[in-house]
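Would you mind keeping the following structure in view while I ask a few things?
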Amino acid sequence: MAKLTNSIEEYIINLLEMSNGMVEIQRSILAEHFSCAPSQINYVLTTRFTPYKGYYVESRRGGGGYIRIIEVEMTDDYSLYTREIGEELTALRAKDFISSLLNQNRISEREAKMLSLLLSDRSLEDVEDKNKLRAKMLKMVLLAILDKEV
C-alpha cells in the first residue's frame, strides 16, 4: 500500500510541476488510473497534501466533481503561521511544517535537520507537555525566519 500511496503522490506532484502549482482532476479518473478505490486517493490527499506541507486541497463531490490542489507559497504573515501551528503540535506535523519551509527555500537543509532533531519526540521525551512546548518553540523559530521582533 505504501508503494501505491507514494506513486499517487509522485503523480500528483508531477502534475503540479507541469501546471505551475495548480491542478484540477477528478478523483474517479485518478482512482481509475491507479486501479484503486477513490478512498485511497482521499488518503493520499489528506496525508500528503496538507497545509503543513504547503498545499491547499479543495474538492467538490458529485458527477462533475473535481479535486483542486494548489501549491501555496508561505507568506511572511506570522499570525497565519501561528494559527496553523496552534497551541499544540505533534512531531509529525512539525516535520511536515519544516519540510514545507525547506521546499520553499525558507531554511537550508542543515537548518531543517537541526529543527527536526530539536522538535523530535526523542529530544523532548522527558518533557511533560511536549506538544505544547514544540508548538511554542516552532513559533519562536518562525520569528527568526521571518525576521520579526520578539
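If each DSSP helix of 4+ residues adds -39,500 (n - 2.57) and the sum is divided by the residues in the chain, what number results at 222 nm, nearest 500 deg cm²/dmol?
Using -39500 (n - 2.57) per qualifying helix, the result is -17000 deg cm²/dmol.
If you don't mind, another one. Might you report the magnitude of the Cβ-based charge dipole of the stretch 1-122 about its Cα centre, with Lys and Arg at +1 and Asp and Glu at -1, to the nearest 20 debye? Before the final figure, lay out the partial values.
On the way: 14 positive and 17 negative charges, 69 e Å.
Its charge dipole is roughly 340 debye.
Treat the count of other C-beta atoms within 10 Å as a stand-in for reagent exposure and order Ser116, Ser100 from fewest to most. Walk me through the numbers before you get to the answer.
Values: Ser116 16, Ser100 21.
Ascending Cβ contact count within 10 Å gives the list Ser116, Ser100.
To test your reading of the geometry: what angle, between 0 and 90 degrees and rounded to tens, separates the Cα axis of helix 2-18 from the longest principal axis of the chain?
In the chain, helix 2-18 runs at an angle near 90 degrees to the longest axis.
Given the stretch 78-145, what whole percent of its Cα pairs are spread farther than 19 Å?
Details: 540 of 2278 pairs.
Roughly 24 percent, rounded to a whole number.
By count of other Cβ within 10 Å, fewest leading, how are Arg27, Arg61 ordered?
Working: Arg27 19, Arg61 9.
Ascending number of Cβ neighbours within 10 Å: Arg61, Arg27.
Using DSSP to define loop residues, name the GluC sites (Glu not before Pro) in the stretch 29-123 whose beta-carbon has at most 13 other beta-carbon atoms within 10 Å.
Values: sites: Glu32, Glu58, Glu71, Glu73, Glu84, Glu87, Glu88, Glu109, Glu111; in loops: Glu73, Glu87, Glu88.
In loop regions of the stretch 29-123 (DSSP not H, G, I, E or B), the sparsely surrounded GluC sites (Glu not before Pro) are Glu73, Glu87.
Can you list the lysines whose alpha carbon sits under 30 Å from that of Lys130, skipping same-chain ones fewer than 8 residues off?
Straight-distance partners of Lys130: Lys53, Lys95, Lys113, Lys139, Lys148.
Show which aspartates and glutamates lie in cross-link reach of Lys132 when reach means a straight Cα distance below 16 angstrom and same-chain residues fewer than eight apart are skipped.
List returned: Glu84, Glu87, Glu88, Asp121.
Magnitude of the Cβ-charge dipole of the stretch 2-71, K/R +1 and D/E -1, about the Cα centre, nearest 20 debye?
240
Kirkwood Rh and Cα-based Rg: tell me the resulting Rg over Rh for the chain, rounded to two decimals.
Ratio of gyration radius to Kirkwood radius for the chain: 1.02.
Name the residues whose placed amide hydrogens come within less than 5 Å of the amide hydrogen of Tyr55, ignoring near sequence neighbours (fewer than 5 apart) on the same chain.
Thr50, Val72
Something else: Using Cβ contacts closer than 10 Å as the measure, can you line up Ile41, Ile29 from fewest to most? Intermediate results must be reported in sequence, preceding the final value.
Values: Ile41 24, Ile29 12.
Exposure proxy ranking, most exposed first: Ile29, Ile41.
Further question on the same structure: How big is the equivalent ellipsoid of the stretch 2-71 along its three axes, where each semi-axis is √(5λ) from the Cα gyration tensor, reported in whole Å from largest to smallest? Walk me through the numbers on the way to the answer.
Values: eigenvalues 53, 43, 27 Å².
Computed over the stretch 2-71, the values are 16, 15, 12 Å.
Could you give the angle, 0 to 90 degrees to the nearest 10, between helix 130-145's Cα long axis and the longest principal axis of the Cα atoms of the chain?
Helix 130-145 sits at roughly 90 degrees to that axis.
No value in this document is a laboratory result; all are computed from the given coordinates. This one's a predicted model, so the numbers in the text were calculated from it and none came from an experiment. FYI the Cβ positions are ideal-geometry reconstructions off the backbone, even for glycines, and counts take in every protein chain you see.
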